[in-house]
Structure formats: C-alpha cells, structure tokens
Amino acid sequence: MNTTHEFFMKRAIEMASKGMNSNAGGPFGAVLVKDGEIIAEGHNQVTSTNDPTAHAEMVVIREACKKLNSFQLTDCILYTSCEPCPMCLGAIYWARPTAVYFACTKEDAKAIDFDDRFIYDELDKNMGDRQMTFIQLLRNEALPVFNGWAEKNDRTEY
C-alpha cells in the first residue's frame, strides 16, 4: 500500500475527475485517510442529488463518520482537490481531522466560476447589511432549550 501524501492527493483528484465526467456535480473530489488507509472517498454530487451541501468534502466527512461511528475524525487526514469553501471549512473544523491537504486554490476555483468570495464578504457584514434577510424570532421561547442543554447531565460533549 502506498501511503504518501501524493498518493492520496492523486486519488482525490481522480475522484474529482470521476464526478465531473459522470455529471454528478462540479470538478471536486476528496479522500479521508486514517492510519494510512482510505476510510472514505467521494466527489461533488450537488447537481445529481439536488443537494447544495453535497460538496466532496461533506460527502467524505459524512461517509467517514458513519464508518468510524464517530462525529469526530480524530487522527484522520483529509485530501481534497481544491481549497475548501466556507461551508466545507466549517464542517472540517467541526469534524476535527488532524490536517487538510488541498490541490487547487480558491483562486483557481474562481477562474472556473466557483467563487465563494461573496460568502466571505457576507460573513464580515452586520446581519442587517447582508444580501439575504435574517430575522430573529422567538428567542425567549428557544432559550429554555439551550438552558436545558446547559443543565443536562447525560449529554455527549463535542
């Protein structure tokens, strides 16, 4: 078994090509590795599943967590054919792999019309200045659930 970073990145790139050529979604692929073994691999499936969250990284994180029976990817390495978008970056941080290796940059993605700059810009704006309307509603009714979580003795921490 070849366990070099280049080997796993080449597999992520192969997955990107496979997904693109099968018209499953955009040209993005990912592989998740633990202890030198591929735990999960996948490609973008946004258009084939009508799921805007079916980015390659999300597909792989979901599959790996199921296989490992864990919501955290401790001691895992993620290889992705492109620098992760803001959504995937958030999911990666929540999943907590040890490292992320990527091939193309977000600038490379922008050059083929996958530009996430507007999301980064939106995150820096005040809620009322964003392009999409966000309205807070029923906070007082929701807070008791949060308080219940804070007091819950048998919760699973994450």
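The values are calculated or read from the model by the stated rules, or taken from the named source; none is laboratory data. These numbers come from a predicted model, not from an experiment. Quick reminder, even Gly has a Cβ in these numbers, built from the backbone with ideal geometry, and neighbours come from all protein chains shown. Surface areas here come from the heavy atoms of the whole protein model, side chains and all, with no ligands, DNA or RNA. Shrake-Rupley method; radii C 1.70, N 1.55, O 1.52, S 1.80 Å.
With a requirement of 1 or more residues that are open to solvent by 70 Å² or more (accessible area, probe 1.4 Å) and of a type in the set (Asp, Glu), the helices (runs of 4 or more DSSP H) lying completely within the range 1-69 that satisfy it span 5-21.
Residue 102 meets each of the listed conditions (1) in a helix (DSSP H, G or I); (2) open to solvent by 90 Å² or more (accessible area, probe 1.4 Å); (3) touching a Ser or Thr at 6+ places or on another chain (Cβ under 6 Å) apart from (1).
Taken as a whole, the condition of being at pLDDT 95 or above and either of a type in the set (S, T, N, Q) or farther than 17 Å from residue 20 by Cβ (or both) applies to residue 65.
Residues that are out of contact with any Asp or Glu (no Cβ under 7 Å at 6 or more places or on another chain), part of a loop (DSSP other than H, G, I, E, B) and surrounded by 11 or more Cβ atoms within 10 Å (Cβ to Cβ) are absent from the range 138-158.
A Cβ distance below 7 Å, combined with a sequence gap of six or more or placement on separate chains, defines the contacts here; from the range 89-113, residues that are small (Gly, Ala, Ser) reach residues that are modelled with pLDDT of 95 or more and part of a strand (DSSP E or B) in the pairs 99/77; 103/81; 103/82; 109/82.
Would you check which residues across the range 1-56 are within 16 Å of residue 91 (Cβ to Cβ) and acidic (Asp, Glu) and list them? The answer is 51, and nothing else.
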